[in-house]
Amino acid sequence: MKSIFKTYKVCLYLALTLLGGSFTACTPEDFEGELAAAPTSEQVMFSATPTASNPNIITFKNETPGTLKAIWDFGNGATGVGNDASGSYPVAGTYNVKLTVFTSGGFATKTQAVTIARTNVSMLNREDYNMLTGGAANATGKTWVIDKTLAGHMGVGPIGAGTPEWWQAGANEKASEGLYDDEMTFNLNGFAYTYKNNGSTFVNGSNGSGLGGANQSSDYTTPYTPPTNMTWSIVEEGGKKYLTFSGGGFLGYYTGATRYEILKLTENELYVKGNDASNAANAWWLRLVPKGYTRPVQEKPYKIEDIKDNFDEPGNVVWKTEALTLNESYDNPAPSAASGNASPKVALYVKQDGQPFEFANMFADFTYKFDLTTRHVFKLKVFIPSYNDFTKAAGESWADPHLLKQVSVKLQDGTSAQPWGNQVEIKQPVTQLDKWVELTFDFGAANIISRKDLDRIVIQVGGEGNFIPGVFFLDDFRLEK
């Protein structure tokens, strides 16, 4: 008879331990008969052989009988998976290599010391190392700080996305937190990493317990003393490079990450994406610059161009979202000339239930400042279904707590730390439900067309400050000629 309990025990070990690697789920049918006894560390065996061309590169081979999965910690900040693996050790020293093997009976580990006799200077003379540390000639290392003056120096979005789709920080937006005075120094000598935080660290609220604090509903700054003897490494996996820390190291804003995908590394910029330890679906972006570096000021041109998106074909607007579910190619709920819109595809705008979605909107940033002197009228079609609940009340005390039959278009300075602070906004009520209605937003007032700082468009449906969900449809957004 099969030992189902033991089978699931092995599957659980694998599932919990291999979250970072590929693994095919197992079932009771995957193992026939009684499972073997759990392996011991004495039974774990592996060899470590220097390569003939470079003794600082070690080839490892798992020799443990019955292995289902082998996981390596090379003792240099890098890890690996598989019976055969290799580790690079440019710097002389002793490294503790740990192998964890999984068998049908359980798992066991063994640690073995690997000694590198000489530093291989040629392995240290790499472009990425030099960019990060200043190179071997820079004895004190290279110090980086958060690029606080650039919009987008922090952000959050789906882990698999290429950009932080859900939120990006404005310039100096987190000036009140213990983040912008943090200094992160990378040294090529011993791959040392030093984190100077001046006594406090900015923490993602959901991961506060990982830094000795408490999990909270929002981010906060907490007293924290960084550890010493932290190290860094750069590893390449699947065509991507990752910056990895050991000894408790991380970059400035604490999210539980100790490993960051390197999106860009130049002499004057380090742009990375790290995981969120409390939510595997989230990733956090950070942009850093060398201490003392001043990014060249690049003024946006002052002009106007066509602005349009009919959601049937590619427009020239790249929409981003804040606390909003947006589908930019959704079937028109009423596609006919009689309904006011025969287009086959429209945008689906979904505001979810609850306080986290009270400011749901879609927005677009442009590479120029708007010249509204001659063209300042925007038009937009909206379809508001009657099945939305416009009678329920829940929201902030300063706002109308109802879901509103309303569309708002706002123009903002997207480079401002608080772009809503000096925005211009036009609200249009919608009196007809279950049909397409075209709305006009005229920003031709003298105090608006004289401005030269506006470069962001925000569309918000249903009002703000209320906690009521709503479903809406949008189409044919354009700047009139």
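The values are calculated or read from the model by the stated rules, or taken from the named source; none is laboratory data. From a predicted model like this one, the values you see are computed outputs, not experimental measurements. Methodologically, a virtual Cβ is constructed for each residue, glycine included, from the backbone with ideal geometry; neighbour enumeration extends over all protein chains shown.
Among the residues of the range 249-299, those that are of a type in the set (Lys, Arg) and surrounded by 17 or more Cβ atoms within 10 Å (Cβ to Cβ) comprise 259, 273, 287. Going through (1) modelled with pLDDT under 95; (2) on the phi < 0 side of the Ramachandran plot one by one, residue 340 falls short only on (2). The set of residues in the range 426-442 that are under 35 Å from the mean Cα position of the chain (by Cα) and within 23 Å of residue 303 (Cβ to Cβ) comprises 426, 441.
Can you find a residue that is surrounded by 16 or more Cβ atoms within 10 Å (Cβ to Cβ) and of a type in the set (Phe, Trp, Tyr) anywhere in the range 309-318? Yes; the residues of the range 309-318 include at least one that is surrounded by 16 or more Cβ atoms within 10 Å (Cβ to Cβ) and of a type in the set (Phe, Trp, Tyr). For first residues located in the range 309-324 and under 18 Å from residue 165 (Cβ atoms), partners that are part of a loop (DSSP other than H, G, I, E, B) and charged (D, E, K, R) and lie 6+ apart or on another chain with Cβ distances below 9 Å form the pairs 320/165; 321/165; 323/358.
Can you confirm whether residue 181 is at pLDDT below 95 and of a type in the set (D, E, K, R)? Before you say what the answer is, go through the steps one by one.
Values: at pLDDT below 95: no; of a type in the set (D, E, K, R): yes.
For residue 181, the condition - at pLDDT below 95 and of a type in the set (D, E, K, R) - is not met.
Annotation note: of 366, 357, the sole residue that is more than 30 Å from residue 452 (Cβ to Cβ) and touching a residue at least 60 places away in the same chain (Cβ under 8 Å) is 357. Here is a list: 313, 328, 269. Which entry is acidic (Asp, Glu) and under 30 Å from residue 183 (Cα atoms)? Within the list 313, 328, 269, the selection yields 269. Within the range 273-294, is even one residue assigned to a loop (DSSP other than H, G, I, E, B) and at positive phi? Looking through the range 273-294, at least one residue is assigned to a loop (DSSP other than H, G, I, E, B) and at positive phi.
So that you can scan it fast, the table gives a plain yes or no per residue for (1) buried (at least 19 other Cβ atoms within 10 Å of the Cβ); (2) in a loop (DSSP other than H, G, I, E, B); (3) on the phi > 0 side of the Ramachandran plot; (4) among the acidic types (Asp, Glu):
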| site | (1), (2), (3), (4) |
| --- | --- |
| 101 | yes, no, no, no |
| 108 | no, no, no, no |
| 112 | no, no, no, no |
| 115 | no, no, no, no |
| 118 | no, yes, no, no |
| 122 | no, no, no, no |
| 130 | no, no, no, no |
| 140 | no, yes, no, no |
| 143 | no, no, no, no |
